[in-house]
Amino acid sequence: MNKCDSEVLASLLVENGYSYIDDFQKADILLLNTCSVRDTAERKVLGRLERLKQVKEKKPDMILGVCGCMAQSWEKELLKRFPYIDIILGTNRLIELPNLIRERLNSGVSAIDVLEMPSNGEIIPKVRESKVTAWVTIMHGCNNFCSYCIVPYVRGRERSRSSESILQEIKKLGESGYKEVTLLGQNVNSYGFDSDEKIDFADLLALIDANSPGIERIRFTTSHPKDVSSKLIDAMGELPKVCNHFHLPAQAGSNNILEKMNRGYTREHYINLIDKLRAKVPDISITTDLIVGFPGETEEDFQDTLDLVRRVEFDVAFCFRFSPRRGTPAAKMDGQLPEEVKMRRLYELLEIQDKISIEKNRAMIGQIHEILVEGQNPKDKSQLSGRTRNNRIVFFTGDIDLIGQLVTVEITDAGNWSLRGELCS
Ligand code: SAM
Ligand code: SF4
């Protein structure tokens, strides 16, 4: 979501006559697009703002902006700590960036817009990081208020884009050579709940599948287990362009903790969904997010999470230590756990999950997979990098002209996070 927002901000600048330069110290405008989901993300931004003081002293005319979730939640506090910030722009108001730049230049004082009311108008990114695969926001905000999560406070309530506008964006992407779209929302399963269109997420997938010439693959993130419908599971099995990968954050394996998290489902419901998905799409890859060290999490609760991990055998799990977020109910709950307990549980969880991930990856050795070639391996430019339909990154030797094409590759080696392969002739 943040990467997509950064593309929107870049597009607004380019439309207003700006262009990229590599050396940020020479830039006329420097924007930090921020995330508030965990403390580590916020600390990174604070450290960077500290270091930018010297850059601003050397080049006082540079406009330094802080955008996104931290701008929304920290607002004036940021300005107090770093008075050299010129622009503070919240998540619902990105389209106002050019106005804020003008305001800052005319007034000489910092310009701030963190209004909760979303600005009118949509911005379809014209500047995108990839020429092959594109993010497409289908809805903004979240209504779920999971007790640990800051997103509903910084991104506001759910707002679905119209299906017509989404389809138009995707058609244009197909015409300009994109092969894959990833539909974005905090909870894509509740797409349309807030609109009169009577089109739910499964309907939207079917519409995109049937009306997106040139697009070969459709992905989406994130799904909420409480809103996964049988219709969506059927769509996963029936729509040819929808990839065989489902990211379904479980967050915890203990019903006690799931209730405290306000997640709205039980572990039994979650496991039942996985069983149904696997019955419908046998080769589906299932990934998840998990939080350890939630307030009041007992050793038994934690064992329930480990048990869920062993039971479901996720292809990948993104595992986090609970990070108290200001203003959320969980930050004030009794039973906050010491960091060393959270760390120990995190390492224990990672050890179990890593073994599962590597075993699943190794099981793919010898298989032939369709790969969408996305670019070069960032660590070894002599290799290409692409993805299988089930969302594994694969590195292999091949001509640079293959970027943007679908090729077949035999998997020859497997690590925790990526595979290696050989191009089939
Ligand atoms: N909307 C998605 C969902 O419901 O799963 C994901 C949103 S959140 C930006 C991404 C992940 O960050 C969550 O799935 C959760 O695991 C993690 N997360 C959110 N708040 C957190 C917190 N306070 N501490 C640790 N992890 C957190
Ligand atoms: Fe946060 Fe829960 Fe909304 Fe996901 S569904 S963004 S975890 S509140």
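The values are calculated or read from the model by the stated rules, or taken from the named source; none is laboratory data. All figures in this text were calculated on a predicted structure; none of them were measured in a lab. All Cβ positions, even for glycine, are placed from backbone atoms using ideal geometry, and neighbour counts span all protein chains on display.
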Residue within the stretch 403-413 that is in contact with a Phe, Trp or Tyr (Cβ under 6 Å, 6 or more places away or on another chain) and outside the structural domain of residue 219 (by TED's automatic domain parsing) present: yes
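Table: residues versus (1) closer than 30 Å to residue 306 by Cβ; (2) in contact with a strand residue (DSSP E or B) (Cβ under 6 Å, 6 or more places away or on another chain).
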residue	(1), (2)
351	yes, no
359	yes, no
363	yes, no
370	no, yes
379	no, no
385	no, yes
410	no, yes
422	no, yes
Residue within the stretch 138-154 that is away from ligand 2 (no atom under 16 Å from the Cβ) and in contact with a strand residue (DSSP E or B) (Cβ under 8 Å, 6 or more places away or on another chain) present: no
Residue identified as assigned by TED's automatic domain parsing to the domain that holds residue 322, among the aliphatic types (A, V, I, L, M) and over 30 Å from residue 291 (Cβ atoms) among 97, 167, 105, 79: 167
Any hit, the stretch 260-268, residues being surrounded by fewer than 18 Cβ atoms within 10 Å (Cβ to Cβ), over 26 Å from residue 221 (Cα atoms) and either more than 12 Å from ligand 1 (Cβ to nearest atom) or not β-branched (Val, Ile, Thr) (or both): no
First in the stretch 114-143 and outside the structural domain of residue 79 (by TED's automatic domain parsing) and under 17 Å from residue 164 (Cβ atoms), second anywhere and of a type in the set (S, T, N, Q) and within 16 Å of ligand 2 (Cβ to nearest atom), Cβ under 7 Å, 6 or more apart: 138/160; 139/160
Answer residue from the stretch 175-197, given it is within 16 Å of ligand 2 (Cβ to nearest atom) and among the small types (Gly, Ala, Ser) and is farthest from the chain's Cα centre (by Cα) among those: 190
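Okay, residues lined up against (1) of a type in the set (Val, Ile, Thr); (2) surrounded by fewer than 21 Cβ atoms within 10 Å (Cβ to Cβ); (3) part of a helix (DSSP H, G or I):
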{"residue": "22", "(1), (2), (3)": "no, yes, no"}
{"residue": "37", "(1), (2), (3)": "yes, yes, no"}
{"residue": "48", "(1), (2), (3)": "no, yes, yes"}
{"residue": "57", "(1), (2), (3)": "no, yes, yes"}
{"residue": "67", "(1), (2), (3)": "no, no, no"}
{"residue": "84", "(1), (2), (3)": "no, yes, no"}
{"residue": "94", "(1), (2), (3)": "no, no, yes"}
Residue selected from the stretch 170-196 under the condition assigned to a loop (DSSP other than H, G, I, E, B) and touching an Asp or Glu at 6+ places or on another chain (Cβ under 9 Å), by the criterion farthest from residue 230 (Cα to Cα): 179
Some residue of the stretch 335-350 being within 16 Å of ligand 1 (Cβ to nearest atom), touching a helix residue (DSSP H, G or I) at 6+ places or on another chain (Cβ under 7 Å) and at pLDDT 95 or above: yes
Residue list for the stretch 1-20, filter: part of a loop (DSSP other than H, G, I, E, B) and of a type in the set (Gly, Ala, Ser): 17, 19
Some residue of the stretch 212-230 being in a helix (DSSP H, G or I) and among the aliphatic types (A, V, I, L, M): no
Selection within the stretch 96-113 - outside any loop (DSSP other than H, G, I, E, B), in contact with a Leu (Cβ under 9 Å, 6 or more places away or on another chain) and without any contact (Cβ under 8 Å) to a residue 40 or more places away in the chain: 96, 100, 111, 112, 113
Qualifying residue in the stretch 198-205 (condition: away from ligand 1 (no atom under 16 Å from the Cβ), surrounded by fewer than 21 Cβ atoms within 10 Å (Cβ to Cβ) and over 23 Å from the mean Cα position of the chain (by Cα)): yes
Any helices (runs of 4 or more DSSP H) falling wholly within the stretch 243-337 and containing at least 2 residues that are under 20 Å from residue 350 (Cα atoms) and β-branched (Val, Ile, Thr): 299-312
Matching residues, the stretch 116-144, being in a loop (DSSP other than H, G, I, E, B), modelled with pLDDT of 90 or more and among the hydroxyl-bearing types (Ser, Thr, Tyr): 130
Test: residue 341 is assigned by TED's automatic domain parsing to the domain that holds residue 181, β-branched (Val, Ile, Thr) and over 30 Å from residue 155 (Cα atoms): yes
Set 253, 293: member being at positive phi, within 23 Å of the chain's Cα centre (by Cα) and free of Cβ contacts under 8 Å to residues at least 60 places away in the same chain: 293
